[in-house]
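The values are calculated or read from the model by the stated rules, or taken from the named source; none is laboratory data. Note that the structure is predicted; figures quoted are calculated from it, not measured. With ideal geometry, Cβ positions are generated from the backbone for all residues, glycine too; neighbour counts draw on all protein chains shown.
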Amino acid sequence: MDPSMLYASAPRIEEEVATILAGFGQGEGHVFNLGHGIHQDVDPEHAGVFVEAVHRLSAPYHQ
């Protein structure tokens, strides 16, 4: 995911995670990361939203 998305609101971060996961679809697993790392002035809570969204939203794709 583009790391600049971490400047967005929590709902927008979750929306982007959902869009990316839907684009890859079903599978046994995946690596989901930020393209260039986290910028130093990103709110750490937004990084947490990203991680939590990946865990929660990816579960249905691994059943």
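Do we have any residue at all in region 27-42 that's at pLDDT below 95 and part of a helix (DSSP H, G or I)?
Within region 27-42 (the criterion being at pLDDT below 95 and part of a helix (DSSP H, G or I)), the answer is no, since none of the residues qualifies.
If we scan region 32-51, do we find a residue that is out of contact with any strand residue (DSSP E or B) (no Cβ under 9 Å at 6 or more places or on another chain), among the small types (Gly, Ala, Ser) and either surrounded by 12 or more Cβ atoms within 10 Å (Cβ to Cβ) or free of Cβ contacts under 8 Å to residues at least 24 places away in the same chain (or both)?
Yes, there is a match, as at least one residue in region 32-51 is out of contact with any strand residue (DSSP E or B) (no Cβ under 9 Å at 6 or more places or on another chain), among the small types (Gly, Ala, Ser) and either surrounded by 12 or more Cβ atoms within 10 Å (Cβ to Cβ) or free of Cβ contacts under 8 Å to residues at least 24 places away in the same chain (or both).
What tally of residues in region 2-31 results from selecting those that are surrounded by 13 or more Cβ atoms within 10 Å (Cβ to Cβ) and among the β-branched types (Val, Ile, Thr)?
Counting residues in region 2-31 that are surrounded by 13 or more Cβ atoms within 10 Å (Cβ to Cβ) and among the β-branched types (Val, Ile, Thr) gives 3.
With the structure loaded, tell me whether residue 18 is free of Cβ contacts under 8 Å to residues at least 40 places away in the same chain and assigned to a helix (DSSP H, G or I) or whether it fails that test.
yes
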